[in-house]
Amino acid sequence: MASADVVKAFRALRVHRADLETRRIVDLFAEDPQRFDRFSVALDDILFDFSKHRVTGTTLARLCDLARAADVEGRRAALLGGEPVNATEHRPALHMALRNLSGTPMLAEGRDVMPEVLAERRKMEAFAEAVRTGAIRSASGAPFTDIVNFGIGGSDLGPAMAARALAPFVAEHLTLHFVANVDGADLGDTLKRLPLETTLFIVCSKSFTTIETMTNARSARGLVAARLGEAAVAENFCAVSTQLDKIAAFGIESDRVFGFWDWVGGRYSVWSSIGLSLCIGIGAEKFEKFLLGGQDIDRHFAEAPLERNVPVLMALLGIWYRNVWGYATHAVIPYDQRMLRFPAYLQQLEMESNGKSVSVSGGPVEEATAPVVFGEPGTNGQHAFFQLLHQGSEIVPVDFLVAVQPSGADPEHHRILFANCLAQSQALMQGRSREEVEALLTARGSSAAQIEALAPHMVFAGNRPSSTFLYKRLSPRVLGQLIALYEHKVFVQGVIWDIDSFDQWGVELGKELATRLTALVSNPALATEGLDSSTAGLIAAARKHR
Ligand code: F6P
């Protein structure tokens, strides 16, 4: 149950909302010429601008009161101190140890994990470098040309998103592929384009039991054994998991196996050996720059006062809109084509972590939890769902992300991209009044009747909030910083909502039912009795068409 202080802090925020109901963001700018300076934080190469929000200094003070009432600082110390913050699985969540480059001791339930973290990273990086330089070769004797990562969820989204984001840093002689879906089209379409002899397959699965990953890995293994011979499996396969015994049964040699630990959640695992494909692609040096970005944010998160702490501010703004204003969605729009998969990555991070209705102690939550997160790169989204962002009946707070310098792109294209990003946050905030629309239509020569008919459709209410993350360039370090910002944001929100952000029981039921239904789908002789009539009817229809 939420403490009396948390209840009181939420109540104070709800009362304060009334002060802002009639004030527009543009008025807040007019009242305070220093608003941009006061409502933005520069963090190394990232500038976090949160001035285009429905917040004043009082709002921030009250939100920080809420954070203090929820003991965010105490829970942050527990997280960083390796206490079992994942209560239902009785584990720490110590992904910060994976990016602790200095190796200073970090404790998981009192035990320093850094010696094993450093040893495993050294082993993984040495292998990655050897593959990259051709010192380790494929079964054919030729250097590897293609890397296929088999994994799903956290064992796919992190490396797949990062490999795409950091494409300019990936060695030109290597192509990275990511196969996640159990739909054979994913594997089939990928393999069609590959030289099997010079392809390295990485089987990535924390549990090494996930049906999608194991099915894809087994199919590829069968193909390699059939086409190149059984001995080629040892040369062209490697694995990443916490379940080392299960890998041995798959037939992968121990020097090709890279471990991590149960205190690394799947959606926090890109920093571990799960990042092997990325490390092969961009090289160990740049991979460490990526880790350094994560470490930069860990330091900032641990040390900055709540009022200037970027992940805390991100979390509090999210709470303000979700719980006090009732906004149920959140859009993430990178004006950066290479960040194409970033919204999908954040969907897992935010929605698998905080999509919960039960508090840590097992009772119902008292406040709404994670919003629905969605997004697409700009400018593409502008020509698809931005209509709703500007004029829809739902208010959607937006995160815009944009680089100042394009990585390898034409500067003229980038100027247009950049201007569009700024224009969208400006349009959301300013809107367009009825008077402005009438003046516009009059200037265009519209008649009074035409103005009367069209004007309501051309009005933009405005006053719609957004943050902008402006980064110098999408480097490995900046990407690491961005990911870690969102990770800690999610943690802080989980603390305030009093939920376990590190478990994911909600994915279990579907997995269990699928196991049973797979038998019914595979064997037409099995009776579907006892099933609901929809599921039975769908199976019957499928059987008829097979
Ligand atoms: O189904 C959810 C999930 O457990 C995620 O949390 C995880 O990232 C993904 O499946 C993959 O799990 P594994 O790495 O064990 O294959």
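Descriptive notes on the structure:
- Summary of packing: across the peptides 285-293, 364-372, the per-residue average of other C-beta atoms within 10 Å ranks them, highest first, as 285-293, 364-372.
- Computed over the alpha carbons of the stretch 95-288, Rg followed by Dmax gives 15.7, 50 Å.
- Degrees between helix 310-319 axis and first principal axis of the chain (Cα, 0 to 90, nearest 10): 70
- Kirkwood hydrodynamic radius over Cα pairs of the stretch 379-503, then Stokes diffusion coefficient at 25 °C and 0.890 mPa s, in µm²/s: 139
- Summing +1 for each Lys or Arg and -1 for each Asp or Glu among the other residues whose beta-carbon sits under 14 angstrom from that of Phe10 gives +2.
- Computed across the chain, the Kirkwood hydrodynamic radius from all distinct Cα-Cα pairs reaches 25.4 Å.
- For the stretch 11-119, the convex hull spanned by the alpha carbon atoms encloses 142 Å³ per residue.
- Helix 448-458 axis, angle to the chain major axis (alpha carbon atoms, nearest 10°): 40
- Pairs beyond 24 Å (Cα-Cα), from Lys123/Lys206; Lys123/Lys489; Lys123/Lys246; Lys289/Lys489: Lys123/Lys489
- Restricting the stretch 116-196 to GluC sites (Glu not before Pro) that sit in a DSSP loop and have at most 14 other Cβ atoms within 10 Å of their own Cβ leaves Glu172.
- Highest average first, the peptides 412-423, 480-491 ordered by how many other beta carbon atoms sit within 10 Å of their residues are 480-491, 412-423.
- Working from Cα pairs under 8 Å separated by at least six residues, relative contact order for the chain is 19 percent.
- Using alpha-carbon coordinates, inclination of helix 434-443 to the longest axis of the chain, degrees: 90
- In Hz, Karplus ³J(HN,Hα) per residue of the stretch 36-47 (6.51, -1.76, 1.60; θ = phi - 60°; x = Gly, Pro): 4, 5, 6, 10, 8, 10, 8, 10, 6, 8, 10, 10
- The H on the amide N of Ala403, modeled in the peptide plane, is under 5 Å from the matching H of Tyr471, each at least 5 residues off or on a different chain.
- Over the chain, DSSP H runs of length four or greater, each weighted -39,500 (n - 2.57), average out per residue to a 222 nm ellipticity of -14500 deg cm²/dmol.
- Within-12-Å neighbourhood charge of Cys421 [Cβ basis; K, R +1; D, E -1]: -2
Readers should treat all values here as calculations from the given coordinates under stated rules, not as data from a laboratory. Quick caveat: nothing in here was measured; it's all calculated off a predicted structure. No Cβ is skipped: glycine too gets one built from the backbone with ideal geometry, and neighbour counts run over all protein chains shown.
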